[in-house]
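Notes follow the structure.
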Amino acid sequence: MNSSKKLGLLLITPAAIVVVMLFLVPVVLTAVFAFTNMSTSTGISGGAYQISPNALQELRDHYDMPSVAERLSQSGFAVDEPGLAALGKAGIDADIVTELRGHIGETFAARRDAERAIRNLNHRPSLREVKQISDQFNRSIMNARYDSKAALLAAVASVMPNLSGAEHQAIIAASYTGWTWTTGNFRRMASIPGTQRSLVNTMVYVAFTLTLFNIGFAMVLAITTFYMPSRAAGFFRGVWLLPRISPPVIYVLLWKWLAWDTGFLSVFLGRFGIHSRNWMLDSGTNAWVFVVLINGFVGASMGMLIFSSALQAIPRPLLYASEVDGASRWQQIWHIIMPQLRWPILFVTCYQTLSLLTSFDLILLSTNGGPGGSTEVWALATYHTALNNYAGNLEYGYGAAMALVLVVVGVFLSLAYLRLFNYRDLVAKPLIEH
Amino acid sequence: MTSNFRAWPVVLALSIVSAPLVLMYVYLLVDTVTSTAPGSLIPYEFTLRHWTFLWTPVPGRPDIWRVALNTLVFATASSAIVLSLSSTAGYVLSRLNVPFRRFFLAGVMVLHAFPSVTLIVAIFLVLQMVGLYNSLAGVILVKAALDMPLGIWIMKGFYDTVPWEIEMAGIQDGASRFTVWRRLVLPQVRPALLALGLFAFLSGWSEFILPQVLAPDNRVQVLSVYLAGLIADDNNFDMALFKSVGVFYVVPVILLFLFFQKHLMNIYGGGTKG
């Protein structure tokens, strides 16, 4: 009998598909995209081939083929047999065509030169005719777009017939407008100063928020509410849960109201003669204070809940006995309560480290990394690189490489944290066997 | 509790520390229905004009009811997907003998701990490629998928507490495993279903980054993106308007939380992201 197996597979498949498609595939694709130079300008699907000024520059600098680039750029206007035939069809005066035949083989680098020569013909073609004629002799491949390599090579061959295979490959590579595979993202990450800055910012952010609020203040909340009458304890726990249940956008708005230059702090301190200003963004230090406060007020509630429930598990007689023995409140906290919190503290530390390292929504909404990038943490820098910035050129490939760093750290830390908290019985065998 | 300690110094200290938070939320409510002169902290009149956005759309912004409807659809649909798929998958992982069960379990555990927001770049590109960018369907699927490991994990935990005897009895009486699940086990975990459904709904209602990145268009805008756009617009600075929209946005959350606090605490206490 394997009905349990069949039913199991049937019931788990939909969840497995959704998780794989939108969770595991993105993990893999982050790694894949990290090795591309995808950006707004290359697009994310395929590309075309175009001999643009950039492509010529690349041929000169990168492939060391200045002569090829030179000739490609000079492929301009040429008086030739196919052009003359087309002129006849286009209804140009036969006398002009005959006269042009005398110039066969002449080339011009630019449209201006070609048109000057045509204007100076003895038959004096009209302005409209000059345009028509020059169009027919246009052999330039500069800036034209080709959909395939073959079309590009055919066009190149029409102006430069004798190119080597290596030169063909160089032209193809240099003129491609789509994205390509590259390891340049990681070289760039290692070399630019912004990397180090976001790393330091991230460490400051995680260290301060974690120790001061997610652990420190959460413990204060849990222990003080533990000693309070239950009504007061419920009120304070409720108040400190508000930041967690409020959506981030509205929660950060409240902080902006507090810190804005017409906000509460400015008005209140104005009574004491202190200039009104935007307290959140007027200096890097202030911005950090607010970033840590904003994240810390949310983070404290998780520790508070977990520590509180751990404290509820302390046998009451133990506390009464310690009081009868004359223990002070501090002794009680240090010798009875703290040992009880050892595992919860480890758990919250692991959990919050991971979530602080990667979360950026509250910073995005409050300081947006400012002033001048002083609160730009790694995750926010990733967002700014790949998804939203003022310049408008979104670098998906580089952003994916930055995200990959976080993904690797995330996988590593979550595996480590599971080893730490892996209870064997969670994976116990089912009791009904079929 | 303890009789020889006085509580009031602690209450006083905590009141002072909590004051900024209380102040922020009190002023959030007060400022939406009053006017305050610049440079003052005391309102001088009662007014409802900050709420006109309910019937006249803010210039250049979509209709608030349309946005609210989008938010409702987004939160409800992602919550429904999370609920239905994790109630089945959680049961399988808790009770059924499927191949690779340990592998699935380990995978769910890792994904549950894994910070999903790091995947946003890849997800953005995937949605662009498959044409689900700027659509509610796309962002609903993504939200549901990212919440799923947590949902499966929670449901598995609740199924684990259901006594095996109930199922054994059902099997003895000749019911199939599916019927046992549907008729006997599922009713046992109804509180868990309620809690997870609400949690997923609230998480969808509050979500900002995903819709902001994956569906920013006016047609499919949700309240968080709408409000963030309003605040970010330097040309129309109106704190009272922001707060009124904010209250409109946050009231359902607070109400649901007050009514279902006990159920939700099961999940919030268990260590979710944040």
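The values are calculated or read from the model by the stated rules, or taken from the named source; none is laboratory data. Owing to the predicted nature of the structure, the values given are computational and were not obtained by experimental measurement. With ideal geometry, Cβ positions are generated from the backbone for all residues, glycine too; neighbour counts draw on all protein chains shown.
Of all the numbered requirements in (1) more than 12 Å from every other protein chain (Cβ to nearest Cβ); (2) within 35 Å of the chain's Cα centre (by Cα), A:Pro315 misses one, and that requirement is (2).
Given the condition free of Cβ contacts under 8 Å to residues at least 40 places away in the same chain, of a type in the set (Val, Ile, Thr) and either assigned to a loop (DSSP other than H, G, I, E, B) or at positive phi (or both), answer yes or no: does some residue in segment B:77-92 qualify? No: segment B:77-92 contains no residue that is free of Cβ contacts under 8 Å to residues at least 40 places away in the same chain, of a type in the set (Val, Ile, Thr) and either assigned to a loop (DSSP other than H, G, I, E, B) or at positive phi (or both). Of all the criteria given as (1) on the phi < 0 side of the Ramachandran plot; (2) under 30 Å from the mean Cα position of the chain (by Cα), the one not satisfied by A:Lys6 is (2). Those helices (runs of 4 or more DSSP H) of segment A:193-293 that lie entirely within it include none in which at least 3 residues are under 28 Å from the mean Cα position of the chain (by Cα) and not assigned by TED's automatic domain parsing to the domain that holds A:Ala403. Kindly indicate whether any position in segment A:329-345 is closer than 20 Å to A:Leu210 by Cβ, free of Cβ contacts under 8 Å to residues at least 60 places away in the same chain and aromatic (Phe, Trp, Tyr). Checking segment A:329-345: at least one residue is closer than 20 Å to A:Leu210 by Cβ, free of Cβ contacts under 8 Å to residues at least 60 places away in the same chain and aromatic (Phe, Trp, Tyr).
Filtering segment A:1-55 down to residues that are facing another protein chain (nearest Cβ under 7 Å), polar (S, T, N, Q) and farther than 25 Å from B:Ile140 by Cα, which residue is surrounded by the most Cβ atoms within 10 Å (Cβ to Cβ)? Going through the qualifying residues, I end up with A:Ser4. Taking the conditions exactly as written (crowded, with 16+ Cβ neighbours inside 10 Å and not hydroxyl-bearing (Ser, Thr, Tyr)), does A:Leu269 satisfy them or not? Judged against the criteria, A:Leu269 is not a match.
Reported count of residues in segment B:47-95, each being hydroxyl-bearing (Ser, Thr, Tyr) and more than 19 Å from B:Leu214 (Cβ to Cβ), is 9.
Yes/no matrix, rows are residues, columns are (1) surrounded by fewer than 20 Cβ atoms within 10 Å (Cβ to Cβ); (2) more than 7 Å from chain B (Cβ to nearest Cβ):
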{"position": "A:Cys350", "(1), (2)": "yes, yes"}
{"position": "A:Asn368", "(1), (2)": "yes, yes"}
{"position": "A:Gly399", "(1), (2)": "no, no"}
{"position": "A:Val411", "(1), (2)": "yes, no"}
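Being part of a helix (DSSP H, G or I) and either among the small types (Gly, Ala, Ser) or modelled with pLDDT of 85 or more (or both) is the requirement here; does A:Ala327 meet it? In short, no. One residue alone among B:Thr161, B:Thr118 is hydroxyl-bearing (Ser, Thr, Tyr) and surrounded by fewer than 22 Cβ atoms within 10 Å (Cβ to Cβ), and that residue is B:Thr161. Looking at the structure I just gave you, is B:Leu264 within 11 Å of chain A (Cβ to nearest Cβ), assigned to a helix (DSSP H, G or I) and either surrounded by 16 or more Cβ atoms within 10 Å (Cβ to Cβ) or out of contact with any Lys or Arg (no Cβ under 7 Å at 6 or more places or on another chain) (or both)? Against the criterion (within 11 Å of chain A (Cβ to nearest Cβ), assigned to a helix (DSSP H, G or I) and either surrounded by 16 or more Cβ atoms within 10 Å (Cβ to Cβ) or out of contact with any Lys or Arg (no Cβ under 7 Å at 6 or more places or on another chain) (or both)), B:Leu264 qualifies. Within segment A:136-158, the residues that satisfy the criterion of being assigned to a helix (DSSP H, G or I) and surrounded by 15 or more Cβ atoms within 10 Å (Cβ to Cβ) are A:Gln136, A:Lys149, A:Leu152, A:Leu153, A:Ala155, A:Val156.
For segment B:168-176, the criterion of being part of a helix (DSSP H, G or I) and surrounded by 21 or more Cβ atoms within 10 Å (Cβ to Cβ) is met by none of the residues. Scanning segment B:208-236 for residues that are aliphatic (A, V, I, L, M) and part of a helix (DSSP H, G or I) yields B:Ile209, B:Leu210, B:Val213, B:Leu214, B:Val220, B:Leu223, B:Val225, B:Leu227, B:Ala228, B:Leu230, B:Ile231, B:Ala232. Answer yes or no as to whether B:Ala232 is closer than 30 Å to B:Gly39 by Cα and touching a strand residue (DSSP E or B) at 6+ places or on another chain (Cβ under 9 Å). No. Every residue in segment A:330-344 that is assigned to a helix (DSSP H, G or I) and buried (at least 19 other Cβ atoms within 10 Å of the Cβ), please. Hits for segment A:330-344 are A:Gln332, A:Ile337, A:Pro344.
Please enumerate the residues belonging to segment B:31-63 that are closer than 24 Å to B:Val225 by Cα and within 14 Å of chain A (Cβ to nearest Cβ). B:Asp31, B:Thr32, B:His50 - these are the residues of segment B:31-63 that are closer than 24 Å to B:Val225 by Cα and within 14 Å of chain A (Cβ to nearest Cβ). Looking only at segment B:127-149, residues that are surrounded by 22 or more Cβ atoms within 10 Å (Cβ to Cβ) and facing chain A (nearest Cβ under 8 Å) come to 6 in all.
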